[in-house]
1. Being part of a helix (DSSP H, G or I), hydrophobic (A, V, I, L, M, F, W, C), under 21 Å from Val106 (Cα atoms) and at pLDDT 90 or above: is that true of Ile249 here?
2. Looking at (1) crowded, with 20+ Cβ neighbours inside 10 Å; (2) part of a helix (DSSP H, G or I), find the lone condition where Leu210 falls short.
3. Suppose we filter Thr218, Thr162 for residues that are buried (at least 18 other Cβ atoms within 10 Å of the Cβ) and over 17 Å from Ala104 (Cβ atoms); which single one remains?
4. Take the residues of the stretch 42-81 that are aromatic (Phe, Trp, Tyr) and buried (at least 20 other Cβ atoms within 10 Å of the Cβ): which is farthest from Tyr169 (Cα to Cα)?
5. Of the residues in the stretch 254-276, how many are among the hydrophobic types (A, V, I, L, M, F, W, C) and either under 14 Å from the mean Cα position of the chain (by Cα) or not in a helix (DSSP H, G or I) (or both)?
6. Would you check which residues across the stretch 188-207 are outside any loop (DSSP other than H, G, I, E, B), in contact with a Phe, Trp or Tyr (Cβ under 8 Å, 6 or more places away or on another chain) and within 20 Å of His133 (Cα to Cα) and list them?
7. Residue check, Lys113 against (1) closer than 21 Å to Asp194 by Cα; (2) surrounded by fewer than 20 Cβ atoms within 10 Å (Cβ to Cβ), all met but one. Which one?
8. In the stretch 144-159, which residues are out of contact with any Phe, Trp or Tyr (no Cβ under 7 Å at 6 or more places or on another chain) and buried (at least 18 other Cβ atoms within 10 Å of the Cβ)?
Amino acid sequence: MVEKFWHTMVVIGISLSISAEVAPLSAQEDFYKGKTIRIVVGSTPGGGFDVYSRSIARHMAKRIPGNPTFVVENMPGAGFLIATNYLYNQAKPDGLTIGNWIGALVLQQVLGKKGVEFDARKFEYIGAPIRNHDLCLLSRASGITSVEKWMAAKIPVKLGATPPGATPYDTGAIIKEALGLPTQLVSGYKGTADIRLAVEAGEVAGLCGLSWSSAKSTWRKGLESGSVVVVLQSSASPHLELPSVPLSINHAKTDMGRKLIQAGIHDTSAITYLYSFPPGISGYDEGPGISGRNQQGKYGRRSGRWRGSGAAG
């Protein structure tokens, strides 16, 4: 899994060099040598976003000329809005700050969500390391170990959730509506790490919107011991490692419910773990990776400082 993940990240590493004017490696090395690149993660330490970013931080420096230092800075709050607004409005577009935010906020902008202070069309996108494979996981102690038991529950099953706009809330709300499951969303948690602790403490029964790759990395002990059970998977087809876990879309009550799952979960899964630079890096007039102004006074295109230096190792 780690090897496959890293090969994917090499694609991210080289993506900015595609269709761009690439500065000489010597110039890139001069710029990045001794520099620090921040990855600003919009959630708490210990969650899926944090795990991916720290994995990148451990390996990416050796793929960039000059071998800059990578650091991860967590900036949780408001369902990733604090970090995403910061990236758009305050981060300097100099190639030294990368944001790791949730792609569902693109839809929230379209829907006019309060607190959105960015135009998603203007970010300089790097990519996403994986297509999200959403799950609903519940504790065995809750007694809800199958979708049938969930449907038959006499009282609403409490799911931990972040504020609206992040996957745990949005996925939980869609599953509740589309499947007609007795569910109470307990929102306000800053990230999935906090929700996991709440599940283990018995405050809530579980959560929806955690990917299988994240669950295996961050909740391995619970899965191996059986104290946490995967009850549903919200994807177009079963994961190869979860062949017997039912699909949410197959339990939707109506055609509208199926369309809701398709649009709200399946279609957004490709951009869940987004990485981007702030707006304006294409025209930033400093450093070796930018063409600078031409004779007409216009900015040149971005140069792709992030050109990869080889295959993963």
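1. Values: part of a helix (DSSP H, G or I): yes; hydrophobic (A, V, I, L, M, F, W, C): yes; under 21 Å from Val106 (Cα atoms): no; at pLDDT 90 or above: yes.
When the stated conditions are applied, Ile249 does not pass them.
2. Among (1) crowded, with 20+ Cβ neighbours inside 10 Å; (2) part of a helix (DSSP H, G or I), Leu210 violates only (2).
3. Details: Thr162 fails: over 17 Å from Ala104 (Cβ atoms).
The conditions single out Thr218.
4. So the first thing to find is which residues in the stretch 42-81 are aromatic (Phe, Trp, Tyr), and the list is 49, 52, 70, 80.
Applying the additional criterion that residues be buried (at least 20 other Cβ atoms within 10 Å of the Cβ) yields 49, 52, 80.
Details: Phe49: 16, Tyr52: 21, Phe80: 12 Å.
Going through the qualifying residues, I end up with Tyr52.
5. Our first condition is that a residue be among the hydrophobic types (A, V, I, L, M, F, W, C); within the stretch 254-276, this holds for 256, 260-261, 263, 265, 270-271, 274.
Going one step further and asking which of them are either under 14 Å from the mean Cα position of the chain (by Cα) or not in a helix (DSSP H, G or I) (or both), we end up with 265, 270-271, 274.
Final tally of qualifying residues: 4.
6. Step one: filter the stretch 188-207 for residues outside any loop (DSSP other than H, G, I, E, B), giving 192-200, 206-207.
This time we only want the ones that are in contact with a Phe, Trp or Tyr (Cβ under 8 Å, 6 or more places away or on another chain), so: 195-196, 198.
Within the stretch 188-207, Ile195, Arg196 qualify.
7. Lys113 satisfies every listed condition except (1).
8. Filtering the stretch 144-159 for residues out of contact with any Phe, Trp or Tyr (no Cβ under 7 Å at 6 or more places or on another chain) gives 145-156, 158-159.
Across the stretch 144-159, the qualifying residues are Val147, Trp150, Lys158, Leu159.
The values are calculated or read from the model by the stated rules, or taken from the named source; none is laboratory data. Source: prediction; values computed, not measured. Neighbour counts run over all protein chains shown; Cβ positions are idealised from the backbone, glycine included.
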